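K.L.:
Could you have a look at this structure, given as structure tokens, before my questions?
No lab work stands behind these numbers, since they all come straight from the coordinates. On a predicted model such as this, the values are computed, not experimentally measured, just so you know. We place every Cβ from the backbone using ideal geometry, glycine too, and count neighbours over all the protein chains shown.
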Amino acid sequence: MSAKGRPEREYRSAQHEGPPIRAKGRPEREYRSAQHEGPPIRAKGDGHASSLLRLVGVSRHFGELRAVQDVSFEMNEGELRAVIGPNGAGKTTFFNLITGFFPPTSGEIWFDGKDIRDRPVVHRVRQGIVRTFQITEVFLDLSVYENVRFAVETAAGLNGRPWISRATRRSAADRIDELLQVVGLTPKADRVVGELAHGDQRVVEIALTLAMDPRLLLLDEPTAGMGDAETEHMVELIRKLHNERKLSILFIEHDMGIVFGLSQHITVLDQGRVLAEGTPAEISANERVRVAYLGEEAA
């Protein structure tokens with residue numbers, strides 16, 4: 001099968017058993033499936049005690065436009081999950097509802113057992129919900145180090161203080177060095193961010209989010225606009241953050257090679273509603289997904 005208007009490219013996850021979903025746009029790449037790593041995914045019937053994030057019947061309307069409609073969603077701590085769907089499916093609005101940029105028209109949003117439906121963005125960040133955007137949000141005129149320092153000092157509440165102790169400065173410097181090492185940007189710490197390649201700028205943005213010590217990291221199209229080498233680095237960084245730092249990660253992505261090779265679980269949105277949820281193998285074999293996402297008629 002092929003996506004509309006794009007060359008056919010085939011990707012399979014390590015546990016894929018059905019016919020392949022061919023992805024859009026990038027040369028063929030294989031990514032090792034993450035399903036065998038990390039904590040187990042609990043069935044929803046186990047109760048909500050293990051849920052990190054839970055949405056119940058959430059809708060968001062803009063006048064007559066129903067961008068998100070009656071979405072229920074549950075994600076456990078330590079999970080690595082992808083959100084996919086055609087353009088206009090409501091994916092970014094879904095992220096905006098989770099992070100507090102838009103209030104829901106109706107429904108409930110729970111994080112770590114607490115009702116956050118009416119909580120502002122800053123409260124959610126303090127609770128550990130941190131995100132990146134489709135358009136990279138960094139300080140282009142500052143160096144990599146200065147970008148990360150600003151984020152670290154902001155997270156620690158140090159900005160605007162007239163005096164900071166030597167021990168506090170040393171602790172902040174250690175934290176900056178740690179984050180640069182985690183994302184692999186130590187050799188480029190003194191480079192001006194605006195002079196870096198797009199992929200490196202996205203990695204700087206990841207470092208800024210990590211400074212906030214997230215419990216749930218939301219990545220909106222983290223590999224968009226990247227070349228092959230940059231994409232490989234981003235994929236490995238996401239996998240590293242999940243496996244080594246035990247981060248819960250929810251990401252939007254259009255590259256099916258990345259989605260099926262990286263995620264443990266996939267949620268498919270279509271026209272603002274949840275069309276399907278499951279493992280990569282289950283989603284790949286789902287005929288409704290193939291019709292809605294790839295625009296193909298069922299056999």
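K.L.:
According to the square roots a ≥ b ≥ c of the eigenvalues of the Cα gyration tensor, what is the shape class of segment 137-213, taking rounded for a/c under 1.5, prolate for a/b larger than b/c otherwise, and oblate for the remainder? Kindly include the intermediate steps, with their values, before the conclusion.
P.N.:
Working: a/c = 1.99, a/b = 1.76, b/c = 1.13.
Prolate, since a/c reaches 1.5 and a/b exceeds b/c.
K.L.:
About its Cα centre, what dipole magnitude does segment 147-287 give when the only charges are +1 on Lys and Arg Cβ and -1 on Asp and Glu Cβ, stated in debye to the nearest 20?
P.N.:
It works out to roughly 1020 debye.
K.L.:
Which FRET efficiency value, to the nearest 0.05, is calculated for residue 70 and residue 137 with the Förster distance at 22 angstrom and r the Cβ-Cβ distance? It would help to have the intermediate numbers written out before the result.
P.N.:
Values: r = 31 Å, r/R0 = 1.39.
The value I calculate is 0.10.
K.L.:
Just want to confirm a number: the relative contact order over segment 137-213, from Cα pairs under 8 angstrom separated by 6+ residues, in percent.
P.N.:
Values: 78 pairs, mean separation 40.5, N = 77.
Contact order relative to length: 53 percent.
K.L.:
Using modelled backbone amide H atoms (1.01 Å from N, in-plane), which distant-in-sequence or interchain residues come within less than 5 Å of residue 251's amide H?
P.N.:
81, 82, 83, 219
K.L.:
So, counting K/R as plus one and D/E as minus one, what does the shell of residues with Cβ under 12 Å around residue 171 add up to?
P.N.:
Values: positive: 166, 169, 170, 175; negative: 153, 174, 177, 178.
Around residue 171, the charge tally is 0.
K.L.:
I've got another one for you. If neighbour count is taken as other Cβ atoms inside 10 Å, put 206, 249 in order from fewest to most.
P.N.:
206, 249
K.L.:
Something else about it: Along the positive direction of the dipole of segment 204-258 (beta-carbon charges: Lys, Arg +1; Asp, Glu -1; about the Cα centre), which of 229, 218, 204 reaches farthest?
P.N.:
218
K.L.:
Can you give me the Cα centroid spacing of segment 271-293 and segment 121-190 in angstrom?
P.N.:
38 Å
K.L.:
Among 161, 290, what is the fewest-to-most ranking by other Cβ atoms within 10 Å? If you can, show how the numbers build up before the last one.
P.N.:
Values: 161 11, 290 20.
In order of increasing Cβ crowding within 10 Å: 161, 290.
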